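The values are calculated or read from the model by the stated rules, or taken from the named source; none is laboratory data. On a predicted model such as this, the values are computed, not experimentally measured, just so you know. Cβ: placed from backbone, ideal geometry, glycine included. Neighbour counts: every protein chain shown. When the accessible area is computed, the model is the full protein with side chains, heavy atoms only, and any ligands, DNA or RNA have been set aside. Shrake-Rupley method; radii C 1.70, N 1.55, O 1.52, S 1.80 Å.
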Amino acid sequence: MGMPVEVFDAVTPATADLSGLRYDETRARRFTGRPMTDTEKACALSHLSLWRALQQDEAADYYLILEDDSVIFRDVAAVLEAIDLGPIDFLKLSGKKERPMRTVAKLATGERLVRYAFGPLDAAAYLVSKRGARRLEAYCETLFTPIDLLMDRSYDHGVPVYGVLPYPVYAEFCMDPDSPLFSDIGRRVKYADDVTLLERFTVRFHRIVGSFKRKRAAIRLRRMRSV
């Protein structure tokens, strides 16, 4: 597609010292009922590393970040060329969940540019600006849940989430442990074996608070007159 590409070697537990990571395990257990895995922490560091690199990159205003299981089936370069990126700091090119949204523009390439009330749960393919990277880093640098969930929480970090529909990219996740393409993240358990009653209670509390925030974000989006 005529786009310059650089392969970034993902951070893994074997290649990074995770002991220096800003990670709040107490908050993680109270937020999701389990600690984060080392692979989830390493995945987060990969994204954080690229956001930090973008802020120091004098040759780029945006990074298009693609995880290694991304499958591109539309001309991403043409789609991006059709979008006025001026007001956009965070643009999702893939997603897994339907979210409240409003159409911002119909693109010459046939897709729609939309604005979400909050993110569509996927970090496989997205465009981020310097300003967006700075604000996302500030919110995500202390980890307590997987990075894709943190990126979705626009009602907390304040970076509006835009998207392109139909998505030009999708993630081909492989969760079969017998396959050579099995995701390095591995399977996520719902609760830790030693989860306490207090932690279960706080997980439920955070889910109720999150539901309220999502509903409020959806209402705000419906009331917006301009983007």
- Query: Under a plain spin-label model, where a point goes 7 Å from the Cα along Cα-to-Cβ, how far apart in nm are ASP194 and ARG27?
  - Reply: 2.2 nm
- Query: Can you give the calculated 222 nm mean residue ellipticity of the chain, where each DSSP H run of n ≥ 4 adds -39,500 (n - 2.57) and the sum is split over every residue, rounded to the nearest 500 deg cm²/dmol?
  - Reply: -11000 deg cm²/dmol
- Query: Against the longest alpha carbon principal axis of the chain, how many degrees, from 0 to 90 and to the nearest 10, is the axis of helix 38-56 turned?
  - Reply: 40 degrees
- Item | Simple label model, 7 Å out from Cα along Cβ direction - ILE72 to ASP156, nm | 3.2 nm
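Evaluate E = 1/(1 + (r/R0)^6) for LEU85 and GLU58, where r is the Cβ-Cβ distance and R0 equals 22 Å; express this FRET efficiency to the nearest 0.05. Intermediate results must be reported in sequence, preceding the final value.
Details: r = 18 Å, r/R0 = 0.83.
Efficiency computed from Cβ-Cβ geometry: 0.75.
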- Query: Of the accessible area of the chain, with the probe set at 1.4 angstrom, what percent is carbon plus sulfur?
  - Reply: 51 percent
- Where does helix 197-223 land angle-wise versus the long Cα axis of the chain, in degrees 0 to 90, nearest 10? 20 degrees
- Share of Cα-Cα pairs in the chain lying beyond 21 Å, as whole percent: 59 percent
- Note on the structure: The helix 130-140 Cα axis meets the longest alpha-carbon principal axis of the chain at an angle in degrees, between 0 and 90 and rounded to 10, of 20 degrees
- What is the log10 of I(q)/I(0) for the range 119-220, computed with the Debye formula using one identical point scatterer on each Cα and no solvent, at q = 0.10, 0.24 Å⁻¹? -0.39, -1.34
- Which pairs, out of LYS92/LYS130; LYS106/LYS213; LYS41/LYS106; LYS41/LYS190; LYS130/LYS190, put more than 27 Å between their alpha-carbon atoms? LYS106/LYS213; LYS41/LYS106; LYS130/LYS190
- Task: Mind checking the full-extension length gain between THR12 and ILE185? Use 0.36 nm per residue of separation minus the Cα-Cα distance, one decimal, nm.
- Result: 61.3 nm
- Item | Per residue accessible area in Å² of the range 94-140, where ligands, DNA and RNA are left out and the probe is 1.4 Å | 43 Å²
- If each part is reduced to its alpha-carbon centroid, the range 164-227 and the range 84-107 end up apart, in Å, by 18 Å
